[in-house]
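The values are calculated or read from the model by the stated rules, or taken from the named source; none is laboratory data. Just so it is clear, the structure is predicted and the values come from calculations on it, not from any experiment. Every residue, glycine among them, receives a Cβ derived from its backbone with ideal geometry; neighbour counts consider all protein chains shown. The protein model used for the area step is the full one, side chains on, heavy atoms only, and it has no ligands, DNA or RNA in it. Shrake-Rupley method; radii C 1.70, N 1.55, O 1.52, S 1.80 Å.
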Amino acid sequence: MSAWPSTRARRVLAALERIGWAVKRSSGSHRTLSRDGYPDFIFAFHDREEIGPRMLARIAKRTGLTPEDL
C-alpha cells in the first residue's frame, strides 16, 4: 500500500505552492514551477485531472512534497 493517496491536480499544485514553489510561467495546462535550491519543475496536469499514487511519488522525488503536505 502506498503512502500517497490519489488526488486532484489542483490540490497537488496548491500543496506545492504552500511548501515554497511558485508558478514561473504558464502555457495551457503546463506550468513551470520554481523554488530556490531545486531545478525548475514542469507541472503538466489539468486542474480536475486525478493524479495517482505512483505519479505523486515521482513528483515528490523532484519537489520535496510529502503525503502530509496534501
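A few points about this structure:
- A Cβ distance below 7 Å, combined with a sequence gap of six or more or placement on separate chains, defines the contacts here; from the range 8-23, residues that are farther than 11 Å from L65 by Cβ and in contact (Cβ under 8 Å) with a residue 12 or more places away in the chain reach no residue that is open to solvent by less than 40 Å² (accessible area, probe 1.4 Å) and in a helix (DSSP H, G or I).
- When residues in the range 51-70 are screened for being closer than 15 Å to A15 by Cβ, open to solvent by 80 Å² or more (accessible area, probe 1.4 Å) and touching a residue at least 40 places away in the same chain (Cβ under 8 Å), 0 of them pass.
- Check on P5, closer than 14 Å to I59 by Cα and either modelled with pLDDT under 95 or charged (D, E, K, R) (or both): yes
- Index of the failed condition, G28 passing every other in (1) surrounded by 13 or more Cβ atoms within 10 Å (Cβ to Cβ); (2) farther than 25 Å from S2 by Cβ: (1)
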